[in-house]
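Scroll down for the structure; my scribbles are underneath it.
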Amino acid sequence: MARRIAAGAAYGGGSIGLLGAAAVGVVLAEVQLAKRSVGGGIAPMPPRGDGLYGLAFGHNDPLLLGVLGDSTAAGQGVRRAGQTPGALLASGLAAVAERPVEVCNVALPGAQSDDLDRQVTVLLEDKSRLPDVCVIMIGANDVTHRMPPTESVRHLSSAVRRLRTAGAEVVVGTCPDLGTIEPVYQPLRWLARRVSRQLAAAQTIVVVEQGGRTVSLGDLLGPEFAANPREMFGADNYHPSAEGYATAAMAMLPTLGAVLGVWPESDRPEADRDEGMLPVAKAAATAAKEAGTEVTGARGPWALLKHRRRRRLPSASTAAEPSPSPSRARQ
């Protein structure tokens with residue numbers, strides 16, 4: 001199915017049907033129940049995490065990290081800039097690269113993949129300061145707003161291609177598993193999981209084709225969400241909490257460091273960690289089921305499936321709030 005979605009995106013195909021007509025009535029009833037439960041709390045607007053991180057390494061020649069996507073990329077659900085994914089990734093990247101990192105976050109709460117074109121344009125507007133690496137987190141709103149998956153991945157593919165053409169490395173956190181949202185009941189939970197994973201796998205296929213890498217966000221990166229949903233989700237029962245964002249960032253950081261050549265780990269697969277070369281579609285489907293799995297294009301139709309070892313992020317007590325950057329501002 002993921003391969004069909006990706007092929008439909010590449011060749012202009014229409015929507016791929018994911019649900020039998022007989023189940024529509026039941027699912028619509030479940031949707032109404034879910035709407036009454038999900039988002040019952042109030043998620044604060046995300047704080048601005050733009051600025052310079054890793055000041056201990058000076059102010060000169062910082063790496064520029066671009067962050068694109070939806071409310072998850074923006075950090076909705078937390079109140080401090082240092083708790084947003086961009087800030088967490090910048091702090092961790094500065095520590096392993098021993099170099100300051102500047103964040104430019106253009107993500108928009110509520111965005112779907114069709115907003116990526118605008119976000120890329122904003123990020124690439126200053127030709128004198130193009131990003132070294134970009135993180136994209138997108139897909140959840142495409143599922144909940146029923147955007148055709150072929151259209152969704154077509155927009156993502158275009159965004160990755162533009163960023164790669166501009167010289168940036170790209171890491172995409174694929175569509176999270178919406179079946180982990182606690183107030184969602186069966187059979188909608190099963191359907192949400194199925195559709196989320198199919199979109200995540202299709203995203204992986206098109207991203208790898210454009211020279212990017214993906215990290216599966218799956219159940220938002222770890223069994224912690226299934227075991228401790230009240231701790232790992234925010235006040236609205238939908239967006240991650242500070243602990244949830246930290247878990248996601250800790251899983252993405254190794255891939256972010258690897259694309260820049262600063263992560264102290266070989267790209268050679270380790271069989272004892274279930275790593276190896278697989279056909280791209282097979283690697284994509286496997287990664288969609290296993291949170292934290294990286295997929296990198298290899299040669300021809302092959303891709304490397306890798307479970308990179310995680311490092312703990314700088315603690316909340318030592319992580320500094322960003323130093324404002326005069327050269328960049330989120331638009």
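Taking the conditions (1) out of contact with any strand residue (DSSP E or B) (no Cβ under 6 Å at 6 or more places or on another chain); (2) surrounded by 24 or more Cβ atoms within 10 Å (Cβ to Cβ); (3) at pLDDT 90 or above in turn, VAL172 satisfies each one other than (1).
From the list LEU93, LEU68, LEU89, which one is in contact with a Leu (Cβ under 7 Å, 6 or more places away or on another chain) and farther than 17 Å from VAL106 by Cα?
Working: LEU68 fails: farther than 17 Å from VAL106 by Cα; LEU89 fails: farther than 17 Å from VAL106 by Cα.
Only one candidate passes the filter, namely LEU93.
Taking the range 37-154 as the region of interest, the helices (runs of 4 or more DSSP H) fully inside it that hold 1 or more residues being under 30 Å from ARG194 (Cα atoms), open to solvent by 30 Å² or more (accessible area, probe 1.4 Å) and in contact (Cβ under 8 Å) with a residue 24 or more places away in the chain are 116-123, 140-144. Please verify whether VAL143 is modelled with pLDDT of 95 or more and among the hydrophobic types (A, V, I, L, M, F, W, C), treating the condition exactly as stated. Considered against the rule, which asks whether it is modelled with pLDDT of 95 or more and among the hydrophobic types (A, V, I, L, M, F, W, C), VAL143 comes out as no.
Evaluating LYS306 against the criteria (1) more than 20 Å from ALA74 (Cα to Cα); (2) basic (Lys, Arg); (3) at pLDDT below 85 leaves one unmet condition, (3). Among the residues of the range 197-215 satisfying the criterion of being small (Gly, Ala, Ser) and outside any helix (DSSP H, G or I), which is farthest from GLY257 (Cα to Cα)? Restricting to residues being small (Gly, Ala, Ser) and outside any helix (DSSP H, G or I), the top hit is GLY211.
Conditions tested, residue by residue: (1) in contact with a Leu (Cβ under 7 Å, 6 or more places away or on another chain); (2) over 22 Å from GLN203 (Cβ atoms).
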site	(1), (2)
ARG80	no, yes
ARG99	yes, yes
LEU108	no, no
SER113	yes, no
ARG118	no, no
LEU124	yes, no
SER128	no, yes
PRO148	no, no
SER152	yes, no
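Within the range 108-140, being modelled with pLDDT of 95 or more, β-branched (Val, Ile, Thr) and touching a Cys at 6+ places or on another chain (Cβ under 9 Å) holds for VAL120, VAL122.
The values are calculated or read from the model by the stated rules, or taken from the named source; none is laboratory data. Given the structure is predicted, the values throughout are model-derived calculations rather than measurements. Quick reminder, even Gly has a Cβ in these numbers, built from the backbone with ideal geometry, and neighbours come from all protein chains shown. Note: accessible area is taken over every heavy atom of the protein model, side chains too, but ligands, DNA and RNA are not part of it. Shrake-Rupley method; radii C 1.70, N 1.55, O 1.52, S 1.80 Å.
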